[in-house]
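Visitor: The following block contains the structure, expressed as structure tokens.
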Amino acid sequence: MTQQAAAMQTYNNELAKCIEDLREKREELNSQIRQEEDEKERLQHDIRLLTDKLSRVNESLTQRLAARATFDQTLAETEAAYAKILESSQSLLSVLKQQTGNLSKATQPRRKEH
């Protein structure tokens, strides 16, 4: 019986060691799980912050794009109006030169014909 008792004691010690090893591995795994859960929380927090920031940037960008479109339209209208003013100025200058020439002819003394 002593041999059986010794064998039982050996099995008992090995079983106790296996159980302890399993507990240590479980605790190590729990530690890794806590670390990953903490990391997950930090990442979710960062995502919320970045999502809010992205939303603000998109809103600002939309406003700036609308403002640029308004500038583009105003510039196009102003340039078209300026071109019309230049065209009118050229026409006016042409008419004025023609009238000045006609007035100059009208105010010149007439030559006496012999």
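The values are calculated or read from the model by the stated rules, or taken from the named source; none is laboratory data. Just so you know, these numbers come straight off a predicted model, no measurement behind them. We work out accessible area using only protein heavy atoms, side chains counted, and drop any ligands, DNA or RNA first. Shrake-Rupley method; radii C 1.70, N 1.55, O 1.52, S 1.80 Å.
Visitor: Open to solvent by 100 Å² or more (accessible area, probe 1.4 Å), on the phi < 0 side of the Ramachandran plot and among the hydroxyl-bearing types (Ser, Thr, Tyr) - does that describe any residue in segment 58-68? Can you show your working first?
Guide: Keep residues of segment 58-68 that are open to solvent by 100 Å² or more (accessible area, probe 1.4 Å), which gives 59, 63-64, 68.
Among the residues that remain, those that are also on the phi < 0 side of the Ramachandran plot are: 59, 63-64, 68.
Now drop any that are not among the hydroxyl-bearing types (Ser, Thr, Tyr), which leaves none.
No, segment 58-68 contains no residue that is open to solvent by 100 Å² or more (accessible area, probe 1.4 Å), on the phi < 0 side of the Ramachandran plot and among the hydroxyl-bearing types (Ser, Thr, Tyr).
Visitor: Please work out which residue is least open to solvent (accessible area, probe 1.4 Å), limiting yourself to segment 79-114 and to residues that are over 60 Å from the mean Cα position of the chain (by Cα) and at pLDDT 85 or above.
Guide: Initial filter on segment 79-114 (over 60 Å from the mean Cα position of the chain (by Cα)): 99-114.
Adding the requirement that they be at pLDDT 85 or above leaves 99-100.
On the way: Gln99: 91, Thr100: 72 Å².
The selected residue is Thr100.
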